[in-house]
Amino acid sequence: MHKMAKALIIGMGFGQAVYKPVLEQAGYEVITVDMDATKGADFTDVDEAIRVHGKFDTVNICTPNFTHIKLARKVAVHSGIVFVEKPGVATKDAWQQLVADYPTTRFMMVKNNQYRPDMKYFKSLADQSNEINVIWNNKNRIPNPGSWFTNKSLAFGGVSRDLIPHMLSYYCALTKYSEGSIISATAEQRHQLADITDTDYGVVNYDGVYDVDDYCKLVFKAGKTTWNLIADWKNDLADDVYISFGMNNSAVKVVLGLCPAEAYGAMIAHAVSNIGNDAFWQEQLSQDLWIHQQIENL
């Protein structure tokens, strides 16, 4: 009898909304953990989940940024693949050491956008373009202002750790990223906690901390193509999330919206199918280190 693959999800917010249905649809036995007992997870403690289930084929870490490294180390010897939500961990060196310390475990910072069904179309446009813009402008998106999201000691940064990693994953997928060069990088804090009202992504805690960047712009040159990556959490104008491809006499703009759930499933399936392919995982490490370096420099 074929044994059902087993997946562990740590963190029931995004994990419950996206990964649980995707993994169940793919035929996994899904085990969930969340420290908050009201979230309805199978366990409130990772150690207990490991004690009961022992080994997992995959683990998805969907918890606050400052918890990623500790959890990744805790589950490493109990999992074939560990997927860590962006922005990974605090530093490039910490990620490199994590991978080196557990050579029989595969690690991937989540790069779900690379598995969108329209990526082949994007690649065909990118190959013809002399300017590509990846824009993630938000009218009022600051996530839970005053919470860990906006505390640099816990989140390691603001929009630079929340949205920029997604945008850099597009750059990695559509260019020879290691051969490109960065022209400029800007990260600014344009808002103060006292001036913020409740947002589309949470309620303000005015007793909390807000000391992170909320606007970023990076400009890269890759061959003949200039890339502009711009993200902000709050512009008070409108939401405008898109990728555009500028060619000699024309331009194509594609509204991105939320990444489709099927991309997360495709990412997991592709990683699992390549678990024994060292070249695949070396490329993942190369991209993950490169992305960590860019956001660490902001």
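The values are calculated or read from the model by the stated rules, or taken from the named source; none is laboratory data. Not measured: the values here are computed from a predicted model. Cβ coordinates were reconstructed from backbone atoms using ideal geometry, including for glycine residues, and neighbour counts include every protein chain displayed. The protein model used for the area step is the full one, side chains on, heavy atoms only, and it has no ligands, DNA or RNA in it. Shrake-Rupley method; radii C 1.70, N 1.55, O 1.52, S 1.80 Å.
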Residues being under 25 Å from the mean Cα position of the chain (by Cα), loosely packed, with under 13 Cβ neighbours inside 10 Å and either over 30 Å from G157 (Cα atoms) or of a type in the set (S, T, Y) (or both) - total across region 41-68: 1
List every residue pair whose Cβ atoms sit under 8 Å apart, with the two residues 6 or more apart in sequence or on different chains, where the first one lies in region 18-33 and is in contact (Cβ under 8 Å) with a residue 12 or more places away in the chain and assigned to a strand (DSSP E or B) and the second, anywhere, is hydrophobic (A, V, I, L, M, F, W, C) and open to solvent by 60 Å² or more (accessible area, probe 1.4 Å). E29/M4
I'd like the full set of residues that are more than 24 Å from W148 (Cα to Cα), part of a helix (DSSP H, G or I) and not β-branched (V, I, T), limited to region 65-116. A76, H78, Q96, Q97, A100, D101, N113, Q114, Y115
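Here's the yes/no breakdown for (1) without any contact (Cβ under 8 Å) to a residue 24 or more places away in the chain; (2) in contact with a Leu (Cβ under 9 Å, 6 or more places away or on another chain); (3) buried (at least 19 other Cβ atoms within 10 Å of the Cβ); (4) assigned to a helix (DSSP H, G or I):
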| position | (1), (2), (3), (4) |
| --- | --- |
| V254 | no, yes, no, no |
| I275 | no, no, no, no |
| A279 | yes, no, no, yes |
| H292 | no, no, yes, yes |
| I295 | no, yes, yes, yes |
Looking at H53 and the list (1) modelled with pLDDT of 95 or more; (2) under 26 Å from L285 (Cβ atoms), which single condition is not satisfied? (2)
Could you figure out which of (1) touching a strand residue (DSSP E or B) at 6+ places or on another chain (Cβ under 9 Å); (2) surrounded by fewer than 20 Cβ atoms within 10 Å (Cβ to Cβ) isn't true of G27? (1)
Counting only residues that are in contact (Cβ under 8 Å) with a residue 12 or more places away in the chain and open to solvent by 30 Å² or more (accessible area, probe 1.4 Å), give me the strands (runs of 3 or more DSSP E) lying completely in region 168-240 with at least 3 of them. 181-188, 215-222
What are the residue pairs meeting all of these: first residue in region 38-53, first residue assigned to a loop (DSSP other than H, G, I, E, B), second residue open to solvent by 40 Å² or more (accessible area, probe 1.4 Å), Cβ atoms under 6 Å, and 6 or more apart or on different chains? T44/M35; T44/A37
Quick one: M267 ticks every box in (1) open to solvent by 30 Å² or more (accessible area, probe 1.4 Å); (2) within 23 Å of the chain's Cα centre (by Cα) bar one, so which box is it? (1)
Within region 133-162, take every residue that is aromatic (F, W, Y) and outside any helix (DSSP H, G or I) and give me the one that is surrounded by the fewest Cβ atoms within 10 Å (Cβ to Cβ). F156
Those residues that are open to solvent by 20 Å² or more (accessible area, probe 1.4 Å) and either in contact with an Asp or Glu (Cβ under 7 Å, 6 or more places away or on another chain) or closer than 28 Å to E262 by Cα (or both), I need them from region 86-103; list them, please. K86, T91, K92, V99
Tell me, which residue of region 117-132 that is assigned to a loop (DSSP other than H, G, I, E, B) and of a type outside the set (S, T, Y) is most open to solvent (accessible area, probe 1.4 Å)? Q128
Only one of W95, W136 is in contact (Cβ under 8 Å) with a residue 24 or more places away in the chain, over 22 Å from N277 (Cα atoms) and under 20 Å from the mean Cα position of the chain (by Cα); which? W136
